[in-house]
Amino acid sequence: MTRSRTAFALLVTAMLIASSFVVAATDRAQADPQQTDADTASAEITNIRLDQAHTMIAAAIAAAKQRDRNVSIAVFDAEHNLKAFARMDGAKLPVSDFAIRKAESAAYFKMPTADIQANVSQDDFDKFASAFREMRTLRTDRQLRNPGGVVTLGGGLPIRDTAGNLIGAIGVSGAPVPVDIEIAQAGIAAIR
């Protein structure tokens, strides 16, 4: 197995393990009789729910199929954690990383990835780059293709609730940038 496939396999394994913890934590929170309605409402406003993330991914896949594209889609919550991910059959492996990085960048900066370069100070950009490097110690800068992993290509969009609060972000990669953006918008539209 090549180094990149090994690294990708480790990433996928880590994502699966992390998602099982998320599901277990969600089940515990739902079963906790001490949890108040205010706690539940706050959690729903703060972060995208797993069912919403799955709905978005299904809608994004449908939009990609309509455009005859094979893409990867990542959904992050407002706290910059991967919530859900899908790589369509035929999507190239490198686009998986870009979809994840687009979603994470959009969640961190709370704006579309296409707007980051023009609207973010160098200090904020550097802070994210530094934090990203610390979180991704298994990857090298050569594999990341840019220092820190910040993606400023279109295809990463913030997700906001009806009150305008950030609840997460979606990242799509594998098609031309304008099509990635359309597919991400279709995913968001599915939970409106």
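Which residue is surrounded by the fewest Cβ atoms within 10 Å (Cβ to Cβ), if the candidates are limited to region 88-109 and must be touching a helix residue (DSSP H, G or I) at 6+ places or on another chain (Cβ under 7 Å), assigned to a helix (DSSP H, G or I) and of a type outside the set (Ser, Thr, Tyr)?
Leu93
Anything in region 34-58 that is of a type in the set (D, E, K, R) and either modelled with pLDDT of 95 or more or in contact with a helix residue (DSSP H, G or I) (Cβ under 9 Å, 6 or more places away or on another chain) (or both)? List them, or say none. Spell out the reasoning first.
In the first step, residues of region 34-58 are kept if they are of a type in the set (D, E, K, R); the result is 37, 39, 44, 49, 51.
Of everything in region 34-58, those that are of a type in the set (D, E, K, R) and either modelled with pLDDT of 95 or more or in contact with a helix residue (DSSP H, G or I) (Cβ under 9 Å, 6 or more places away or on another chain) (or both) turn out to be Asp39, Arg49, Asp51.
The values are calculated or read from the model by the stated rules, or taken from the named source; none is laboratory data. Note that the structure is predicted; figures quoted are calculated from it, not measured. FYI the Cβ positions are ideal-geometry reconstructions off the backbone, even for glycines, and counts take in every protein chain you see.
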